[in-house]
């Protein structure tokens, strides 16, 4: 046995239905489309969300909520996460590049440092935003906070 004589197992492949090839084929005439109506015509396509004349789901359900187009999303990173990073990688400066290298944020994310957990290291942190508790915790250890323009 080699690559030149490989073939699928018997019964594994099924021949496709050849539709519209005359009455003798058994699939001529209306070509499995039934009689008349839009679905029998060429070029027919049902409207998106059409449910056969029933009131569509999009119209049955009420509209609610609001999406602010000007919302700015920040990726929150807590102090305990930063402490783990410091312990593991022994970094002295944390900035968006360091965070993206370690998988805590992507390169284009806006970063906000949040105050959950404890920070024991003296460290310089650069981010787009800081919570008040995070600034207090960083500066109480002799660290430095640098804010980036977002």
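Quick notes on this one:
- Packing rank of 70-78, 47-55, where each peptide gets the mean count of other beta carbons within 10 Å, highest leading: 70-78, 47-55
- Gain on full extension, evaluated as 0.36 nm per residue between residue 116 and residue 90 minus their Cα-Cα distance, stands at 7.3 nm.
- Descending semi-axes in whole angstrom, ellipsoid equivalent of segment 74-147, from the Cα gyration tensor: 17, 14, 10
- Degrees, to the nearest 10: 79-89 long Cα axis against longest axis of the chain: 90 degrees
- Mean ellipticity per residue at 222 nm, deg cm²/dmol - from DSSP H runs of n ≥ 4 across the chain, formula -39500 (n - 2.57): -5000 deg cm²/dmol
- Plainly put, the chain has a radius of gyration that is 1.42 times its Kirkwood radius, both from alpha-carbon atoms, as the Rg/Rh ratio.
Since every read-out is calculated from the coordinates, none of them should be taken as a lab result. Source: prediction; values computed, not measured. Using ideal geometry, Cβ is built from the backbone for each residue, glycine included, and neighbour counts are taken over all protein chains shown.
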